[in-house]
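All remarks here apply to the structure that follows.
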Amino acid sequence: MTKSDLKLGQRATLEIIQELGFGVIERVSVRDGEPLLVATTRIIEEVTLASSQRRHFHHGSADFTLTREFECLFDQLKKLQNGTVDIQIRHSRPFRLIIHRHEACQHLVAPGESRDVHE
């Protein structure tokens, strides 16, 4: 898979990950297997003090073959189809995907009751 094969949301996600280097993109919406950066999405950069963090990414719009980490990320989002995720980033590559499982808490709320599960 190459950068030019990506859809708009995938390409935007790839470019943010590459530019960020280290950190996390929180609350990424996934619709029909594609990442969507929305108003609630947060981009958090991680900076290690007294360290020379080097970023490894391809500049500009040049086409290139995606690393295995990016292929795995986009495959996982396709499997998820719809939901919300956080993407942890290390060395300008996706490192870990955290999937928000709201449906797992549905059994805790009685029908007709609207309760905040964080109370």
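Please find the FRET efficiency linking Lys79 to Thr48, where r is the Cβ-Cβ separation and R0 is fixed at 22 Å, and quote it to the nearest 0.05.
0.10
Which length gain, in nm to one decimal place, applies between Arg11 and Arg31 when the Cα-Cα distance is subtracted from 0.36 nm times their residue separation?
5.7 nm
List the residues, sorted by chain then number, that are 5 or more residues from Phe95 or on another chain and whose placed amide H is less than 5 Å from its amide H.
Gln88, Ile89, Arg90
In nm, to one decimal, how far is the modelled label at Thr40 from the one at Glu71, with both set 7 Å along Cα→Cβ?
Simple spin-label model gives 3.3 nm for this pair.
Sort the following peptides by mean Cβ neighbour count (other Cβ atoms within 10 Å, averaged over residues), highest first: 38-44, 80-86.
So the order, starting with the most tightly packed, is 80-86, 38-44.
Bear in mind that the values in this text are calculations on the coordinates, not laboratory data. What you see is a predicted model; the values in this text were computed from it and never measured. No Cβ is skipped: glycine too gets one built from the backbone with ideal geometry, and neighbour counts run over all protein chains shown.
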